[in-house]
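Visitor: Below is the structure I would like to discuss, written out as structure tokens.
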Amino acid sequence: MSSKSPEPSGKLSSSVKPRHVTMISLGGTIGAGLFIGIAEPLTQAGPLGTILAYFAAGLVMLGTMMCLGELATSFPHSGSFQYYAYKFFPSPLISYAIGWMYWLSWVFALAAGLVAAGIVSHEMWPNIPIWLYCGGYLAILTLVNMLSAGAFGEFEYWLAGIKVFAIVFFIACGLWLISDKALTTEWVPTLRVEGELFPFGIAPIFQCMAIVVYSFQGAELVGNVASEAPHPEQALPKIIRTIGIRIILFYILAVSVLAILNPSGWVKSSDSGPFV
């Protein structure tokens, strides 16, 4: 009998549940790019231009997620699209470049998210400096990422649920305000600014697309966690379809309500964005 310990199987524990996958993708997409980043498109492209920009970016995101879902179902792997590039392209340099570019994108996104969280928190408790909020949130995120994949999924599930609830609550309150104002006054809901649907022309719609596309970063996390979920070939197709539709609905409805209530953009004296 050999005294050697058995070789590790190399397989992941599949401790992430389908509900975790859904919320991780939703929560990763709904963040600073929407809550704070929307201010710039509203002031540059106007209300209708902003809605069209988010709708176009949402369709691109939905198509990308469906393609990623096909790959993640057929070849579930923790490396996601970096692994697929290594698998299907002859040179490993492509996979290497994609991996580092994706890492850099999330490094910058994490910094932006921490600053956004610090700014929003500072609005509520101004006695605490923003950098202290950023450091505290970073410590919490680091601790959570050091736990198991299942614990991370559960933590992300509830945090993402808070963001989804906030968006739904905002849309409900906004629709109530719009209907109440329309019924009690002569005000008519409109997306026009100074009588124009596109007060700044068509070009700003394309100019603000960099900010708009950035807002949808995080949807690709479905592919990243596919290998951590049991039976991804059964759960992923439905999850990806519903996530894509829900993200578009959340964004379009939230942007529309915000644009109707405040068509001219946001107050320049505030750094916390129009949602706050």
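The values are calculated or read from the model by the stated rules, or taken from the named source; none is laboratory data. These figures come from a predicted structure and were not determined experimentally. A quick note on method: Cβ atoms are made from the backbone with ideal geometry, for glycine too, and the neighbour counts reach across all protein chains shown. The protein model used for the area step is the full one, side chains on, heavy atoms only, and it has no ligands, DNA or RNA in it. Shrake-Rupley method; radii C 1.70, N 1.55, O 1.52, S 1.80 Å.
Visitor: Can you name every one of the helices (runs of 4 or more DSSP H) wholly within region 28-88 that holds 2 or more residues which are open to solvent by 20 Å² or more (accessible area, probe 1.4 Å) and within 29 Å of Ser256 (Cα to Cα)?
Guide: Working: elements: 32-35, 39-74, 80-88.
Qualifying helices (runs of 4 or more DSSP H): 32-35, 39-74.
Visitor: For Val144, indicate whether it is β-branched (Val, Ile, Thr), at pLDDT below 90 and crowded, with 17+ Cβ neighbours inside 10 Å. I'd like the intermediate steps shown before the answer.
Guide: Values: β-branched (Val, Ile, Thr): yes; at pLDDT below 90: yes; crowded, with 17+ Cβ neighbours inside 10 Å: no.
For Val144, the condition - β-branched (Val, Ile, Thr), at pLDDT below 90 and crowded, with 17+ Cβ neighbours inside 10 Å - is not met.
Visitor: Next up: List every residue pair whose Cβ atoms lie under 8 Å apart, where the two residues are 6 or more positions apart in sequence or sit on different chains, the first residue falls within region 89-105 and is in a loop (DSSP other than H, G, I, E, B), and the second residue, located anywhere, is surrounded by 11 or more Cβ atoms within 10 Å (Cβ to Cβ) and of a type in the set (S, T, N, Q).
Guide: Phe89/Ser95
Visitor: Kindly check whether there is at least one residue in region 186-200 that is free of Cβ contacts under 8 Å to residues at least 60 places away in the same chain, assigned to a helix (DSSP H, G or I) and either more than 30 Å from Val21 (Cβ to Cβ) or open to solvent by less than 60 Å² (accessible area, probe 1.4 Å) (or both). Explain how you work it out, then say what you get.
Guide: Step one: of region 186-200, the residues free of Cβ contacts under 8 Å to residues at least 60 places away in the same chain are 186-188, 194-195.
Narrowing further to those that are assigned to a helix (DSSP H, G or I): none.
The answer is no, given that none of the residues of region 186-200 is free of Cβ contacts under 8 Å to residues at least 60 places away in the same chain, assigned to a helix (DSSP H, G or I) and either more than 30 Å from Val21 (Cβ to Cβ) or open to solvent by less than 60 Å² (accessible area, probe 1.4 Å) (or both).
Visitor: Just to be sure I understand the filter: pairs with C-beta atoms under 6 Å, separated by 6 or more residues or on different chains, first member in region 67-84 and under 20 Å from Ala97 (Cα atoms), second member assigned to a loop (DSSP other than H, G, I, E, B). Which pairs pass?
Guide: That search, which allows pairs on different chains as well, returns Tyr83/His77.
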